[in-house]
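One structure below.
The values are calculated or read from the model by the stated rules, or taken from the named source; none is laboratory data. Worth saying up front: this structure is predicted, and the values here are computed from it rather than measured. Because the Cβ atoms are built from the backbone with ideal geometry, glycine has one as well, and the counts that use them run over all protein chains shown.
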Amino acid sequence: DAKTTQPPSMDCAEGRAANLPCNHSTISGNEYVYWYRQIHSQGPQYIIHGLKNNETNEMASLIITEDRKSSTLILPHATLRDTAVYYCISRGGPGAGSYQLTFGKGTKLSVIP
Amino acid sequence: EPEVTQTPSHQVTQMGQEVILRCVPISNHLYFYWYRQILGQKVEFLVSFYNNEISEKSEIFDDQFSVERPDGSNFTLKIRSTKLEDSAMYFCASSPLLVVWRSSSTDTQYFGPGTRLTVL
């Protein structure tokens, strides 16, 4: 089973920031936090990942707590096209020996006009 | 921007028939994966492939399944004798698996659009 916990669903008003939480209290020191999203039945789309530091790219920001037990994905200005299921996944980095992604049920984000 | 492509987008087959699902990973990627998603369920890992051999496989990936990289660009998943329960979306993914010292890894997996397999 997935080693992360996410709320099953969230709503966000269009244009507002969407903050998606993830709990990964059993994460080990060499495990990364990855975020993907899936729109309808399309292939999962990579968003962002991090180890310890906060990360930002053109899609989103990732805030990881200092103890690394939880993180938050931030979509700064949500649009209707951001409506999707968002998955938070913990996974070992290079050299871990296992690279499979274990998907949970994720958070269904609905962006409301 | 480079993308993983998959063909066909939809495959319908009769139970007991063999199917081959095809994927073209991103050029220069070294690791290849297959995942599947039964309607309404989670995305599940099937197999990973590196250096022309399977590196990991799940319990789902039994003797009915096989993978191959027949040439320098294609990566295929074969199901020898399809069952009704094989009906699912099948996603291919690839990653570069590069290690950057003292920085984040760049072995991110990029997924294709999927093939919807329907077994009748």
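Annotations
- The condition of being among the polar types (S, T, N, Q), crowded, with 16+ Cβ neighbours inside 10 Å, part of a loop (DSSP other than H, G, I, E, B) and out of contact with any Phe, Trp or Tyr (no Cβ under 6 Å at 6 or more places or on another chain) does not hold for B:Thr108.
- So B:Arg36, is it charged (D, E, K, R), touching a Phe, Trp or Tyr at 6+ places or on another chain (Cβ under 7 Å), closer than 15 Å to A:Thr102 by Cα and surrounded by 15 or more Cβ atoms within 10 Å (Cβ to Cβ): yes
- Per-region count, region A:30-44, residues under 16 Å from B:Lys42 (Cβ atoms) and at the interface with chain B (Cβ under 7 Å from one of its Cβ atoms): 4
- Region B:40-59: number of residues that are surrounded by fewer than 20 Cβ atoms within 10 Å (Cβ to Cβ), polar (S, T, N, Q) and within 11 Å of chain A (Cβ to nearest Cβ): 3
- Which numbered condition A:Ser98 misses (of (1) over 17 Å from A:Cys12 (Cβ atoms); (2) within 15 Å of the chain's Cα centre (by Cα)): (2)
- Residue that is nearest to B:Asp107 (Cα to Cα), among those in region A:80-94 that are surrounded by 13 or more Cβ atoms within 10 Å (Cβ to Cβ) and more than 14 Å from every other protein chain (Cβ to nearest Cβ): A:Asp82
- The set of residues from region B:17-39 being within 10 Å of chain A (Cβ to nearest Cβ) and within 30 Å of A:Pro8 (Cα to Cα) comprises B:Tyr33, B:Tyr35, B:Gln37, B:Leu39.
Per-residue answers, yes or no, for (1) at the interface with another protein chain (Cβ under 10 Å from one of its Cβ atoms); (2) more than 11 Å from the chain's Cα centre (by Cα); (3) modelled with pLDDT under 95:
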residue: B:Phe75; (1), (2), (3): no, no, no
residue: B:Arg80; (1), (2), (3): no, yes, no
residue: B:Met89; (1), (2), (3): yes, no, no
residue: B:Val99; (1), (2), (3): yes, yes, yes
residue: B:Ser105; (1), (2), (3): yes, yes, yes
residue: B:Thr108; (1), (2), (3): yes, yes, yes
residue: B:Arg116; (1), (2), (3): yes, yes, no
